[in-house]
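The values are calculated or read from the model by the stated rules, or taken from the named source; none is laboratory data. Because the structure is a prediction, the values reported are computed rather than measured. Note: ideal-geometry Cβ built from the backbone for every residue, glycine included; neighbour counts use all protein chains shown.
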Amino acid sequence: MTSPDSQTVELGREFLDTVIVQGREYQKYSTDNRIYFGPVDEVKGTNGFSIVFVTDNQSRRKRSVLITNTGLFDDRLIFPPVHRLRRVLDCGHGAASWAIEVAEQYPNCELLLKVIGVDIAPHMSPDDVDDLNQRFTFPPNHFDLVHSRLLATGIHRSRWPSYIRDIVRVLRPGGWVQMTEMYFNVQSDNGSLTDQHALRRWSTQYMRALEDRKELRIGSRLRSYFTESGLVEVDTKMIPLPLMREIGHYNSENIQQLLRSLALYPLTHRLHMSPQSFDRLVEQAQEEARSHSLKAYFPLYVCIGRKRQ
């Protein structure tokens with residue numbers, strides 16, 4: 001499972017072991033070592049929640065629809081002005097959705113472009129099975145672009161500064177890094193969301209379940225980390241990801257799945273919430289997520305930066 005361009009340390013067979021929790025399958029290594037608490041069954045989405053599957057009627061195959069392809073970014077997958085694209089590192093590879101879409105959007109580069117995907121779960125079939133909490137073993141000055149997406153629930157709190165330094169080290173001079181992170185504290189456009197709403201209680205409980213290990217507010221702190229690591233031309237944008245709006249028919253379906261699958265293990269095993277209480281909370285939160293009056297959204301942060309020449 002190792003790419004020819006990769007120098008990561010290949011992991012052992014224990015990374016294939018899974019456990020079942022309320023009908024969902026989890027990677028045992030990740031839960032035992034408190035790395036990642038999302039399900040890996042059915043390839044529901046990148047990192048457990050970022051995509052849904054639809055059928056392509058022309059090719060009769062399943063393909064991924066990214067949150068980046070729902071109108072938020074004008075169908076762009078790469079945000080910085082990259083003029084040469086040969087080697088790309090995709091951190092948090094998941095179901096390979098982003099890498100597949102990049103290859104489709106840049107068909108002229110297909111023969112020269114190499115995207116190396118890294119993920120902790122071999123069930124997602126990445127190029128490399130590796131723990132991104134460990135130091136990178138890729139060679140320095142190697143990649144034109146490093147793409148990192150939705151890893152707040154996987155990267156340890158203390159790892160973020162060195163994780164970004166590792167990315168800078170493996171970028172070629174002039175190369176770019178692109179990060180997208182979601183803050184799972186539900187907000188409201190009109191201020192109508194209160195602490196009594198199930199969506200807010202879902203957020204509070206989920207963040208409490210992970211706060212000892214994860215930095216779930218990392219999106220708002222990426223700019224300072226990028227700058228401190230020596231990156232230049234740093235730019236950050238916060239984009240509201242609506243729980244219910246026409247910018248993605250897919251978004252509302254995605255959110256419904258997210259509220260259950262993302263929180264199942266953290267709330268029932270880390271906070272010891274009963275299955276009945278969990279089901280009630282999720283069902284109420286899902287109903288509120290479908291409400292147009294709340295105008296609820298998750299803050300989505302996008303940050304780019306360039307390595308000095």
Item checked: Tabulated pairs, segment 121-136, first closer than 19 Å to residue 34 by Cβ, second among the hydroxyl-bearing types (Ser, Thr, Tyr) and at pLDDT below 80, C-beta under 7 angstrom, 6+ apart or interchain -> 130/8
Margin query: Anything in segment 80-95 that is of a type outside the set (D, E, K, R) and out of contact with any Gly (no Cβ under 6 Å at 6 or more places or on another chain)? List them, or say none.
Written below: 80, 81, 82, 83, 85, 88, 89, 91, 92, 94, 95
Next item on the list: Starting from residues that are over 30 Å from residue 226 (Cα atoms) and modelled with pLDDT of 95 or more, keep the ones in segment 284-309 and report whichever is nearest to the chain's Cα centre (by Cα).
Entry: 285
Item checked: Subset of segment 6-17 that is over 10 Å from residue 121 (Cα atoms) and buried (at least 16 other Cβ atoms within 10 Å of the Cβ) - its residue that is modelled with the highest pLDDT -> 11
Next item on the list: Evaluate the following for residue 51: is it more than 20 Å from residue 163 (Cβ to Cβ), surrounded by 13 or more Cβ atoms within 10 Å (Cβ to Cβ), within 17 Å of the chain's Cα centre (by Cα) and modelled with pLDDT under 70?
Entry: yes
Margin query: When you check residue 226 against the structure, is it more than 21 Å from the chain's Cα centre (by Cα), outside any strand (DSSP E or B) and not polar (S, T, N, Q), yes or no?
Written below: no
Checklist line | Conditions (1) closer than 19 Å to residue 32 by Cα; (2) modelled with pLDDT under 95; (3) surrounded by fewer than 22 Cβ atoms within 10 Å (Cβ to Cβ); number of the one not met by residue 210 | finding: (2)
Notebook entry, point to check: Here are 159, 172: which of them is of a type in the set (Lys, Arg) and in contact (Cβ under 8 Å) with a residue 60 or more places away in the chain?
Noted result: 172
Next item on the list: Starting from segment 81-96, take each residue that is in a strand (DSSP E or B) and list its partners that are of a type in the set (Asp, Glu), counting only C-beta distances under 8 angstrom and pairs at least six apart or across chains.
Entry: 87/5; 87/144; 88/144
